[in-house]
Amino acid sequence: VQIVLKITFSEAFLGTQRSLSVNEEQVEVRIPRGVVNGTHLRVKGKGNLQPGTGRRGNIIIKLEVEKHQVWQLNGDQLKAELPVSYDELLLGSIVTAMTPEGETQLTIPARTLPGSSLRLKGKGWPINNGHGDLIFTLALRFPSCLSSKEIDLFNQLRELSISEPRKDWLQSARL
């Protein structure tokens, strides 16, 4: 007997137990932590009766892991985008981030570029007797609204700025 079983991302990460009805019998299936999409599990002796032998065959269970809205699995690395503000990138910051096992503190160095990655060793997908790495890609999120004081401060900053972000680009772009 072959069965496709859909499980949540959380169940795949943490492991779970499921009760399946096979041949009018309840079969308990233990799904170990860290399984991935397409994993096959075998439950011995709980399948269909084998002709001529009177013994039961095996149940093969193919796992389908639902996608998660935040986490993506790439090999044994778990990846996610972490929303950050421009001031956290420019000035550096210690921010709270969520891992699948709870909150953690991340240090963002000053002058970090959007799209940069921060790696947390051993905080990713469960493998063997440990975990892979967790990689956060820093995603710049602009505020949906600014106070009038913030706008005034940005205008002051613009007037004080000596930076010319397109100077080299303008020269390079000329034909």
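The values are calculated or read from the model by the stated rules, or taken from the named source; none is laboratory data. Just so it is clear, the model here is predicted, and its values are computed rather than measured. So basically every Cβ, Gly included, is an ideal-geometry build from the backbone, and we count neighbours across all protein chains shown. Surface areas here come from the heavy atoms of the whole protein model, side chains and all, with no ligands, DNA or RNA. Shrake-Rupley method; radii C 1.70, N 1.55, O 1.52, S 1.80 Å.
Pulled fully out, how much extra length does the chain show between LYS149 and GLN72, if you take 0.36 nm times their separation in residues and subtract their Cα-Cα distance?
23.8 nm
All other residues with a Cβ under 11 Å from the Cβ of GLU28 taken together, and with Lys, Arg as +1 and Asp, Glu as -1, what is their net charge?
Once positives and negatives cancel, what remains is +2.
Going Cα to Cα from LYS121, which lysines come in below 27 Å? Please leave out same-chain ones fewer than 8 positions away.
Reachable lysines: LYS67, LYS79.
Given a Förster distance of 25 angstrom, what is the FRET efficiency for SER93 paired with SER161, based on the Cβ-Cβ distance and rounded to 0.05?
Using R0 = 25 Å, I get an efficiency of 0.75.
Show me, for the range 134-144, the HN-Hα J-couplings you get by feeding each phi into the Karplus relation (A = 6.51, B = -1.76, C = 1.60, θ = phi - 60°), rounded to Hz, glycine and proline as x.
Listing the rounded values in order: 10, 10, 9, 9, 7, 10, 5, 10, 7, x, 6 Hz.
Can you give the net charge of the other residues whose Cβ lies under 11 Å from the Cβ of GLN72, counting K and R as +1 and D and E as -1?
The answer is +1.
Could you identify which residue out of ASP152, ASP87, ASP133 has the top mean-square fluctuation in a GNM of the chain using Cα springs shorter than 10 Å?
Of the options given, ASP152 has the highest mean-square fluctuation.
For the range 1-156, which whole percent of the accessible surface, found with a 1.4 angstrom probe, sits on carbon and sulfur atoms?
Exposed carbon and sulfur together represent 49 percent of the surface.
Work out the FRET efficiency for ARG42 and LYS6 from their Cβ-Cβ distance, taking R0 = 22 Å, and round it to the nearest 0.05.
Approximately 0.75, to the nearest 0.05.
Just tell me which lysines come within less than 22 Å, Cα to Cα, of LYS62; anything on the same chain fewer than 8 places away is out.
Within the straight-line cut-off, LYS62 pairs with LYS6, LYS44, LYS46.
List every residue whose amide H lies under 5 Å from the amide H of ASN58, counting only residues 5 or more places away in sequence or on a different chain, with H placed 1.01 Å from N in the peptide plane.
GLY45, GLY47
Could you tell me the relative contact order of the chain? Use alpha-carbon pairs under 8 Å, at least six residues apart, and round to a whole percent.
With pairs under 8 Å counted, the relative contact order is 17 percent.
Picking from GLU150, GLU164, GLU28, which is most flexible by a Gaussian network model of the chain using Cα springs under 10 Å?
It is GLU164.
Measuring with a 1.4 Å probe in the full set of protein chains, what accessible area per residue, in whole Å², belongs to the range 82-129?
Dividing the accessible area of the range 82-129 by its residue count gives 64 Å².
Just want the answer: with Cβ charges of +1 for Lys and Arg and -1 for Asp and Glu, which residue in VAL35, GLY115, PRO143 is farthest toward the dipole's positive end in the chain?
Ranked along the dipole, the leading option is VAL35.
Add -39500 (n - 2.57) for each DSSP H run of 4 or more in the chain, then divide by its residues: what number comes out at 222 nm, to the nearest 500 deg cm²/dmol?
Estimated from H runs of four or more residues: -5000 deg cm²/dmol.
If you build a Gaussian network model of the chain, linking Cα atoms that sit under 10 Å apart, which residue out of SER161, SER21, SER116 swings the most?
It is SER161.
Could you work out the local net charge near LEU49, counting Lys and Arg as +1, Asp and Glu as -1, over the other residues with Cβ closer than 10 Å to its Cβ?
+2
Antiparallel versus total DSSP beta bridges in the chain: what percent is that, nearest 5?
DSSP beta bridges in the chain are roughly 70 percent antiparallel.
Quick one: in the range 78-175, what % of C-alpha pairs are over 20 Å apart?
55 percent
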